[in-house]
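Accompanying notes for the structure given below.
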């Protein structure tokens, strides 16, 4: 196998390792919430934020070690796909904030999200944990998705002009 083939296989293996690590981190973050919820809407959103945060952070800082380093079409697609993704992530975050505000108004309407045998204190602890991790991962993911198109555009320009760096 030639050197270029080894590099491609290495980058694809590294991509696989990163996706496995992303899955492990997402599982570790949401694992305490699985048994507490009946409706998993916000847990799925949290998983999405974790995956986007880790993936886009990799593309932001470790771009030359990914398969996207020389793949101009992929960078072009990600640059323009990031624009609607930003608005979608902000919409999800505001939807969760709305859920929290209405949650404080009255617990009865939102009891459908949680186990039936949950006490008031357990409910408060679950909401506190979910609020912290959801806010952290959501805001970080939104910030990284806003920054990534600029990094990808710089990389696109460098590869296009054959500067030598990604």
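Values quoted throughout were computed directly from the atomic coordinates according to the rules given, and no laboratory measurement underlies them. Given the structure is predicted, the values throughout are model-derived calculations rather than measurements. Ideal geometry is used to build each Cβ from the backbone, glycine not excepted, and the neighbour counts take in all protein chains shown.
If each DSSP helix of 4+ residues adds -39,500 (n - 2.57) and the sum is divided by the residues in the chain, what number results at 222 nm, nearest 500 deg cm²/dmol? All intermediate terms of the calculation are to be shown ahead of the outcome.
On the way: 4 runs with 128 residues, N = 166.
Computed ellipticity for the chain at 222 nm equals -28000 deg cm²/dmol.
Between the Cα long axis of helix 41-61 and the first principal axis of the chain there is an angle of about 30°, rounded to the nearest 10. Taking every C-alpha pair closer than 8 Å and separated by at least 6 residues, the mean separation divided by the residue count of segment 11-138 gives a relative contact order of 42 percent.
As a proxy for reagent exposure, ranking 115, 102 by other Cβ atoms within 10 Å from fewest up yields 102, 115. Relative to the dominant Cα principal axis of the chain, helix 72-105 is inclined by about 10°.
Which residues in segment 9-42 place their backbone N less than 13 Å from a point set 7 Å from the Cα of residue 117 along the Cα-to-Cβ direction? Flagged as within label range: 36. In the chain, the longest principal axis of the Cα atoms and the axis of helix 120-160 are about 20 degrees apart.
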